[in-house]
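Below is one structure; the comments refer to it alone.
Every number in this text was worked out from the coordinates using simple rules, so none of it is lab data. This is a predicted model, so every value here is computed, not measured. Every residue, glycine among them, receives a Cβ derived from its backbone with ideal geometry; neighbour counts consider all protein chains shown.
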Amino acid sequence: MRHPKRSIRRATRTRRPRHPRREARELEAMTWPESIRVEERMSPMPLTVRWTAKVTEAVRLMREARIRHLPVLDDSRRLVGIVTDRDLRQVILDPRLQERLGAGLADTLAGLTVRDVMTWAVITVRPETEIRDAARLLHQRKIGALPVVKNGRLVGILTETDVIRAFAEVLGEGILARPYRWALRAP
């Protein structure tokens with residue numbers, strides 16, 4: 001007669017796989033959809049502003065379109081920065097501007113250009129970048145949008161809302177039954 005424990009396979013008996021990392025990779029390959037690319041989820045041809053435009057023009061554009069991130073282009077239509085609602089709030093609350101309030105805040109803001117308030121060191125992605133990598137970049141750098149650039153030209157913008165919508169669709173389709181730590185883990 002065989003020993004009862006010998007009839008149960010090792011993986012079942014110990015509940016530890018022989019190659020734990022291989023199993024995680026196989027599980028990821030089975031459950032995560034084929035690579036979702038940024039170009040599938042980005043907003044194509046976003047609203048932009050020239051760097052010589054006045055701050056009041058940027059504020060008006062952002063309010064009318066109900067957006068928080070506005071890519072900034074130079075005279076040759078190349079991406080040079082991004083202006084956000086946070087950049088504009090910092091300008092309005094800047095102590096140096098508060099000192100000049102005697103001249104009037106509206107007059108002071110009317111003299112500022114987008115070039116004076118924008119973020120110059122803009123972080124970009126390419127259209128073929130996987131959305132998980134873009135999400136990781138948004139999280140690590142604590143930014144809300146990534147301009148999408150192809151051959152030096154702006155082709156779209158990926159916001160945190162686009163990324164959340166994509167992950168909600170993936171989770172809603174039942175592809176991932178529960179959130180796994182490996183889904184957003186750094187490589």
GLU57-THR119 pseudo-label distance in nm [points 7 Å out on the Cα-to-Cβ vector]: 2.3 nm
Footprinting exposure proxy for SER35, SER43, SER76 (fewest neighbouring C-beta atoms within 10 Å first): SER76, SER35, SER43
Going from the fewest other Cβ atoms within 10 Å to the most, one would list VAL55, VAL122 as VAL122, VAL55
Just want the ordering: ILE36, ILE92, from fewest to most Cβ atoms lying within 10 Å of their own Cβ. ILE92, ILE36
